[in-house]
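Have a look at the structure below before the remarks.
The values are calculated or read from the model by the stated rules, or taken from the named source; none is laboratory data. Keep in mind it's a predicted model, so treat the numbers as computed, not measured. Cβ placement follows ideal geometry from the backbone for every residue including glycine, while neighbour counts extend to all protein chains displayed.
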Amino acid sequence: MTDAKPQFRIGNGYDIHRLVPDRPLIIGGVKLKHPAGLGLEGHSDADVLAHAITDALLGALALGDIGKYFPPEDPRWKGADSLILLKNVVDLIKKNGWGITNVDAVIIAERPKMKPYINQMRSNMADKMRIELDLVSVKATTNECLGPEGREEGISSHAVALLHRL
Ligand SMILES: [Zn+2]
């Protein structure tokens, strides 16, 4: 029998933020305009896609979740740019001896239409992860007016990440 260490690790991440007035709507590092003037509530910039991806990366190495590294009660992360949080976690992944093979994510939102911004989101995420654009998939779907996303109470995101040993 071989005792070779596994060469791949997989992780999944999930996040949801409330839609509220007087907040920016930032998803995947892109500032969007909600037709009803709503944005995402949160201690940081509430970038739900960046948070789901960050959690997927941490999950792949069983390193906990985003709240462990960037606790909401810590004033340092108030209004924080979530792309910086993502970059910090990518550095941590590398330090542990792992590279990012690919990431696949989905955003669940009734409005606004994400399609025009998907490539910019992919590019922002790929830049921070220092990987090629074609290794980052971002998809969007409505929730067919069902559930909290469908009632526009919030926007959620799911992500999976595969890592390879460096
Ligand atoms: Zn979040």
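Numbers at a glance
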{"item": "Test: ALA126 is in contact with a helix residue (DSSP H, G or I) (Cβ under 7 Å, 6 or more places away or on another chain), within 26 Å of PRO21 (Cβ to Cβ), free of Cβ contacts under 8 Å to residues at least 60 places away in the same chain and crowded, with 17+ Cβ neighbours inside 10 Å", "result": "no"}
{"item": "Given (1) under 16 Å from GLY13 (Cβ atoms); (2) away from the ligand (no atom under 16 Å from the Cβ); (3) outside any loop (DSSP other than H, G, I, E, B), number of the condition ASN119 does not satisfy", "result": "(1)"}
{"item": "Of residues in region 73-91 being aliphatic (A, V, I, L, M) and surrounded by 16 or more Cβ atoms within 10 Å (Cβ to Cβ), the one farthest from the ligand (Cβ to nearest atom)", "result": "VAL90"}
{"item": "Subset tally (residues that are in a strand (DSSP E or B) and under 26 Å from PRO24 (Cβ atoms)) for region 146-166", "result": "7"}
{"item": "Residue satisfying all of: in region 29-48; within 11 Å of the ligand (Cβ to nearest atom) and not charged (D, E, K, R); farthest from ASN96 (Cα to Cα) among these", "result": "LEU40"}
{"item": "Residue match in region 106-122 (condition: modelled with pLDDT of 95 or more, among the small types (Gly, Ala, Ser) and either more than 20 Å from GLY37 (Cα to Cα) or under 13 Å from the mean Cα position of the chain (by Cα) (or both))", "result": "no"}
{"item": "Subset of region 2-25 [away from the ligand (no atom under 16 Å from the Cβ) and either of a type in the set (Val, Ile, Thr) or on the phi > 0 side of the Ramachandran plot (or both)]", "result": "THR2, ILE10, ASP22"}
{"item": "Any hit, region 6-28, residues being farther than 16 Å from ILE100 by Cβ, at pLDDT 95 or above, of a type in the set (Asp, Glu) and not in a loop (DSSP other than H, G, I, E, B)", "result": "yes"}
{"item": "Qualifying residue in region 32-42 (condition: out of contact with any Pro (no Cβ under 9 Å at 6 or more places or on another chain), under 22 Å from ALA80 (Cβ atoms) and crowded, with 19+ Cβ neighbours inside 10 Å)", "result": "no"}
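Residues are listed down the side, and each one gets a yes or a no for (1) of a type in the set (D, E, K, R); (2) outside any helix (DSSP H, G or I); (3) surrounded by fewer than 14 Cβ atoms within 10 Å (Cβ to Cβ); (4) away from the ligand (no atom under 13 Å from the Cβ):
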| position | (1), (2), (3), (4) |
| --- | --- |
| ALA50 | no, no, no, no |
| LEU57 | no, no, no, yes |
| PRO71 | no, yes, yes, no |
| ASN102 | no, yes, no, yes |
| GLU110 | yes, yes, no, yes |
